[in-house]
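Novice: First the structure, which I've put down as structure tokens, then a few questions once you've had a look.
The values are calculated or read from the model by the stated rules, or taken from the named source; none is laboratory data. Quick caveat, the model's predicted, so the values are computed rather than measured. Ideal geometry is used to build each Cβ from the backbone, glycine not excepted, and the neighbour counts take in all protein chains shown.
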Amino acid sequence: MKYSRIITFTKFTNLMDYAEEKANRSGKTFTELPDWERKIYTKNKDITLNVYVRYEDNNTYCKIQCPINPLPVKGEFQTPNLYTLKNFLESNGWHEINDVVIPRSIRNDLEF
């Protein structure tokens, strides 16, 4: 896919939801994870979320890369417009820190 923009958001939080999901997938509870792993997931830190954007046939397609995906979709999805997506993320505590347009000359070389 040729993405033409990358929008980066950040949020100061922990990875508890991700850790609980990971534990559940392996048939465990969060308390059964090793101590070192629980400490990593419970510590608050800046989490980065990247939104890769491409346009095709007057439609906007996005893909999110983040350890804690705030959307109920995985992979690429269509959004009415970027304003709607940005507004949703910001209403959930994410803060936009960067919006980069990828030059056409390197779009083919990037793998996401």
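Novice: Return the total of residues in the stretch 72-93 being in contact with a Cys (Cβ under 9 Å, 6 or more places away or on another chain) and either touching a residue at least 24 places away in the same chain (Cβ under 8 Å) or within 21 Å of T13 (Cα to Cα) (or both).
Specialist: Final tally of qualifying residues: 3.
Novice: Right, something else. Going through the stretch 83-107 one residue at a time, which ones are of a type outside the set (S, T, Y), part of a helix (DSSP H, G or I) and surrounded by fewer than 10 Cβ atoms within 10 Å (Cβ to Cβ)?
Specialist: Of everything in the stretch 83-107, those that are of a type outside the set (S, T, Y), part of a helix (DSSP H, G or I) and surrounded by fewer than 10 Cβ atoms within 10 Å (Cβ to Cβ) turn out to be R104, I106.
Novice: Could you run through the stretch 69-87 and say how many residues are of a type in the set (A, V, I, L, M, F, W, C) and at pLDDT 90 or above?
Specialist: Taking the stretch 69-87 and keeping what is of a type in the set (A, V, I, L, M, F, W, C), we get 71, 73, 77, 82, 85.
Filter once more, so that each one left must be at pLDDT 90 or above: 77, 82, 85.
Total satisfying the criteria: 3.
Novice: Can you name every residue in the stretch 3-25 that is modelled with pLDDT of 85 or more and either farther than 15 Å from P67 by Cβ or among the hydroxyl-bearing types (S, T, Y) (or both)?
Specialist: Answer for the stretch 3-25, where residues must be modelled with pLDDT of 85 or more and either farther than 15 Å from P67 by Cβ or among the hydroxyl-bearing types (S, T, Y) (or both): Y3, S4, R5, I6, I7, T8, T10, T13, N24.
Novice: Does K2 fit the bill of being in contact with a strand residue (DSSP E or B) (Cβ under 9 Å, 6 or more places away or on another chain) and in a helix (DSSP H, G or I)?
Specialist: Working: in contact with a strand residue (DSSP E or B) (Cβ under 9 Å, 6 or more places away or on another chain): yes; in a helix (DSSP H, G or I): no.
No, not satisfied.
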